[in-house]
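Reviewing the structure listed below.
The values are calculated or read from the model by the stated rules, or taken from the named source; none is laboratory data. Bear in mind the structure is a predicted one, so any value in this text is a computation, not a measurement. Note that each Cβ is placed from the backbone with ideal geometry, even for glycine, and that neighbours are counted across all protein chains shown.
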Amino acid sequence: MSINPQILLSINVPTLTPGDSARSSARNTIIQQLASELEQHEFVATWILHDQGLDDVRLLTESISLPQEISLTLSQKNQQAQPALFSRTLSDLQSRSRNLGVRITTLSTNHSIKDRNLRLLVKHRISMVNQHCGIHSGKKSTRVMEPSSLRFGIWEVPAPLQWVKQLTNPVRELVLKSNMHFKTPRAFQHIQIDIQAMLENNISILKIKSLLRALNRTRLRGKIDVTPIRSAATLLRHLQTTNRQYFQAA
């Protein structure tokens, strides 16, 4: 079964900075420009939101008409250690997000999900776990090409490459380096656009737009697929079933 290399596209959105109107304005401008660029290319991405008040969910749904994936972030360590608290917090986020017309299918966190909490994810129909929530996640960026399987049909998202640190290079070189990593027809690569890193390092939105346009050209040539994180779960389940049937037939 031949499958195009999968680009899992995510966008890390920092919360608004209290009292810093200039930074907040710059952040919102980047969000709106990215939303416009995604719509132009008909890209669907995973927007990683850290705002527990869900104001950023409202901002995003107002900024883009093409449905995107929203991934909310749970970052408190005690929530992971205490199943009851984890369950209440997750249920609350899911309930409030549904009221805004959003269903959470990928959970972002800066801590590993305990095995006893994985059943809660199944209950809430969450199939992907993303531990890579921006430049301050506390985890090194590694070149992990494939999602790793947890339990109960839940998968962990591969780490993104350090794109922001490489954005001083020409965009074409970035894309060529990306394509060189696709050694197998079932490769996944997680590309994260980190708005917080863009603000801290004064990265121009033009560089990100050029990257997205280069990815779109590659996609139009049939070389890659560009998808949100949630799409990986469907493909992984299909590959798992296909492999199982293949080995049984053999």
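Which of the residues belonging to the stretch 1-31 are crowded, with 19+ Cβ neighbours inside 10 Å and charged (D, E, K, R)?
ARG27
Quick one: how many residues across the stretch 124-161 are surrounded by 17 or more Cβ atoms within 10 Å (Cβ to Cβ), modelled with pLDDT under 75, touching a Pro at 6+ places or on another chain (Cβ under 7 Å) and under 13 Å from LEU8 (Cβ atoms)?
3
Looking only at helices (runs of 4 or more DSSP H) that fall completely inside the stretch 176-250, which ones have 1 or more residues that are at pLDDT 85 or above, within 19 Å of the chain's Cα centre (by Cα) and over 22 Å from ASN12 (Cα atoms)?
205-220
Within the stretch 210-231, can you find the residues that are polar (S, T, N, Q), within 22 Å of THR105 (Cβ to Cβ) and in contact with a helix residue (DSSP H, G or I) (Cβ under 9 Å, 6 or more places away or on another chain)?
Within the stretch 210-231, THR227 is the sole residue that qualifies.
Within the stretch 103-121, work out how many residues are in contact with a Lys or Arg (Cβ under 9 Å, 6 or more places away or on another chain), of a type in the set (A, V, I, L, M) and at pLDDT below 90.
1
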